[in-house]
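Contents: one structure, followed by commentary.
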Amino acid sequence: MKLPSGAILTLVRGDITRQDVDAIVNAANETLLGGGGVDGAIHRAAGPGLLGACKEIREVRPDVRCPTGEARVTTGFALPARFVIHTVGPIYRSHPQPAVALRNAYLSSLQAARQVGASTIAFPAISCGVYGYPLDEAARIAVQAAWDDSDELEEVRFVLFGEATFQAWSAAVEQLGA
Ligand code: AR6
């Protein structure tokens with residue numbers, strides 16, 4: 001699907017750590033010190049250098065290197081991707097405005113990609129695992145963010161793990177009507 005910016009939006013099933021793009025996005029937590037899910041997979045595939053680079057990111061408050069909805073960039077170390085854009089989605093049940101925070105996580109990541117000159121970016125389904133975001137709403141927010149702001153990018157790829165997630169994203173793309 002073509003986005004208003006001219007970039008293409010693609011949906012793939014698979015593992016984000018294997019994507020040959022300029023930047024992959026990590027669904028991290030505010031500490032940026034690693035975790036389970038896609039965060040754990042990215043750290044394992046990148047190697048220990050990634051944790052070292054994350055530790056060097058300045059804390060904005062104790063134990064918070066990246067507040068929810070913001071993004072921070074490191075290099076990709078052993079990954080095929082040159083950059084990792086770490087963002088933090090909302091914990092669905094406890095965040096006061098989860099939809100706003102999730103949209104901000106996508107928009108901050110797109111902005112970070114532009115800032116480092118990345119033209120291809122791959123996203124996982126941010127907040128859709130441990131953080132419990134309902135898939136259909138998360139998919140609509142993700143696809144809408146790409147639609148609204150993919151300036152200067154060539155490709156926005158969503159790498160979906162699991163059939164239900166892939167179906168939710170496919171439906172969201174269809175709803176956009178392109
Ligand atoms: N490639 C693509 N998607 C993946 C992969 C992978 N290799 N592995 C898992 N997913 P989650 P969250 C999917 O829980 O909900 C971490 O501990 C997964 O199936 O990784 O934002 C962090 O440190 C789901 O669809 O992220 C945080 O503490 C999606 O990625 C917390 O989890 C996101 O699931 C963040 O929770």
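The values are calculated or read from the model by the stated rules, or taken from the named source; none is laboratory data. Keep in mind the model is a prediction, meaning the values are calculated, not measured. Backbone-built Cβ (ideal geometry, glycine too); neighbour counts: all protein chains shown. Surface areas here come from the heavy atoms of the whole protein model, side chains and all, with no ligands, DNA or RNA. Shrake-Rupley method; radii C 1.70, N 1.55, O 1.52, S 1.80 Å.
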- For the chain, which DSSP H helices look membrane-span-like by this rule: Cα extent along the axis of 24 Å or more and mean Kyte-Doolittle of at least -1.0? 98-116
- Query: Got a number for the accessible area of residue 170? Probe 1.4 Å, square angstrom, nearest 10.
  - Reply: 30 Å²
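Once you sort the root eigenvalues of the Cα gyration tensor of segment 13-84 as a ≥ b ≥ c, which label holds: rounded (a/c under 1.5), prolate (a/b larger than b/c) or oblate (the other case)? Mind showing how you got there, number by number?
Details: a/c = 1.84, a/b = 1.66, b/c = 1.11.
Prolate.
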- Of 81, 175, 57, which is farthest along the charge dipole of the chain in the positive direction, counting Lys and Arg as +1 and Asp and Glu as -1 at C-beta? 57
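With the other protein chains left in place, how much accessible area per residue, in square angstrom, belongs to segment 8-175 at a 1.4 angstrom probe? Each step should come with its number before you reach the end.
Values: 7500 Å² over 168 residues.
Result: 45 Å² of accessible area for each residue.
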- Message: Please state the shape class of segment 76-137: rounded when a/c is under 1.5, otherwise prolate if a/b exceeds b/c and oblate if not, all from the C-alpha gyration tensor.
- Response: prolate
- Query: Cα gyration tensor of segment 8-175, axes a ≥ b ≥ c as square roots of the eigenvalues: rounded (a/c below 1.5), prolate (a/b > b/c) or oblate?
  - Reply: rounded
- Message: How large a share of the accessible area of segment 80-134, in percent, is made up of carbon and sulfur atoms when the probe is 1.4 Å and the other protein chains stay in place?
- Response: 54 percent
- Task: Can you tell me how much longer the chain between residue 100 and residue 167 gets when fully stretched, taken as 0.36 nm per residue apart minus their C-alpha distance, in nm with one decimal?
- Result: 21.8 nm
- Item | Beta bridges per DSSP with both ends in segment 8-175, % antiparallel, nearest 5 | 25 percent
- Message: Along the Cα→Cβ direction, 7 angstrom out, place labels at residue 75 and residue 18. What is the inter-label distance in nm?
- Response: 2.6 nm
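So which trypsin sites (Lys or Arg not before Pro) in segment 35-74 are both in a DSSP loop and have at most 16 other Cβ atoms within 10 Å of their Cβ?
On the way: sites: 44, 55, 58, 65, 72; in loops: 58, 65.
In loop regions of segment 35-74 (DSSP not H, G, I, E or B), the sparsely surrounded trypsin sites (Lys or Arg not before Pro) are 58.
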- Item | Residues listed by number, segment 85-102, amide nitrogen under 16 Å from residue 64 label point at 7 Å toward C-beta | 87-91, 94-98, 101-102
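Starting from the residue with the highest accessible area, list 39, 15 in decreasing order, probe 1.4 Å. Walk me through the numbers before you get to the answer.
Details: 39 5, 15 55 Å².
Ranking 39, 15 by accessible area, largest first, yields 15, 39.
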